[in-house]
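Before we start, here is the structure in question, set down as structure tokens.
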Amino acid sequence: MTSAEVTARATYTGVRPERIFLVVGAVFGLLIVFVTPPFQAPDEYAHFYRAFQVSEGGLLAQRHNGVPGAWLPTSVLTTAERAAPGIAFHPEKKERLEDLLALIEMPLASEWRSFTDLPNTARYVPLLYLPQAAAIGVGRILGLAPILLTYAGRAGNLAAWLC
């Protein structure tokens, strides 16, 4: 069967390819969002930091001692450190579920801030982070802990991809 015949047959039976894509994409996308531990990928923390900055309206990186970066809630930085200590580039190290669950209790505490450098993400256009930043913004309004904001950001990216 050619692809045109498959599409015609699927349309005839009421199952349209774009609906199949949405269902399969949503199911497997949600698995990736929630099963992959946070900050498992080497650059995920840097992209999360930049998306968090954009969610607060920070469109441009700030400079501190000549270094581009952002003033973020200390709890956001602490969450990334505690969730994945030394995991990047070390496949033999694994995150522990109990460590992640303990982070759910950590409040955002936006008034306490620390500077972090963003050498690789500060130069990216804020528009690239809009889906993740929007989801993080909603999570901040709901009072979610920083670890849950990472999942919210991932879900925002998934929703944009599905659209």
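The values are calculated or read from the model by the stated rules, or taken from the named source; none is laboratory data. None of these values were measured; they are calculated from a predicted model. Note that each Cβ is placed from the backbone with ideal geometry, even for glycine, and that neighbours are counted across all protein chains shown. Heavy atoms of the whole protein, side chains included, go into the accessibility calculation; ligands, DNA and RNA do not. Shrake-Rupley method; radii C 1.70, N 1.55, O 1.52, S 1.80 Å.
Looking at residue 51, is it modelled with pLDDT of 95 or more, among the small types (Gly, Ala, Ser) and open to solvent by less than 70 Å² (accessible area, probe 1.4 Å)? Let's see the steps before the verdict.
Working: modelled with pLDDT of 95 or more: yes; among the small types (Gly, Ala, Ser): yes; open to solvent by less than 70 Å² (accessible area, probe 1.4 Å): yes.
Yes.
Which is surrounded by fewer than 16 Cβ atoms within 10 Å (Cβ to Cβ) and either among the basic types (Lys, Arg) or at negative phi (or both), of 105, 95?
Being surrounded by fewer than 16 Cβ atoms within 10 Å (Cβ to Cβ) and either among the basic types (Lys, Arg) or at negative phi (or both) holds for just one of 105, 95, which is 105.
Consider only pairs whose beta carbons are under 6 Å apart and that are at least six residues apart or on different chains; among these, list those whose first residue lies in region 127-141 and is under 10 Å from residue 51 (Cα atoms) and whose second residue is surrounded by fewer than 16 Cβ atoms within 10 Å (Cβ to Cβ) and modelled with pLDDT of 95 or more.
Hits for this filter: 131/160.
From 124, 151, grab the single residue that is in contact with a Phe, Trp or Tyr (Cβ under 8 Å, 6 or more places away or on another chain) and hydroxyl-bearing (Ser, Thr, Tyr).
151
Ok, one more. I'm trying to understand the selection: among the residues of region 143-163, which are without any contact (Cβ under 8 Å) to a residue 24 or more places away in the chain and in contact with a Leu (Cβ under 9 Å, 6 or more places away or on another chain)?
152
Of all residues in region 130-163, how many are in contact with a helix residue (DSSP H, G or I) (Cβ under 6 Å, 6 or more places away or on another chain), within 18 Å of residue 58 (Cβ to Cβ) and open to solvent by 50 Å² or more (accessible area, probe 1.4 Å)?
The qualifying residues number 1.
Where residues in region 107-118 are of a type outside the set (Ser, Thr, Tyr) and more than 14 Å from residue 51 (Cα to Cα), which of them is modelled with the lowest pLDDT?
Our first condition is that a residue be of a type outside the set (Ser, Thr, Tyr); within region 107-118, this holds for 107-109, 111-113, 115, 117-118.
Those left that are additionally more than 14 Å from residue 51 (Cα to Cα): 107-109, 111-113, 115.
Values: 107: 93, 108: 93, 109: 90, 111: 93, 112: 95, 113: 95, 115: 96.
Looking at the filtered set, the residue picked out is 109.
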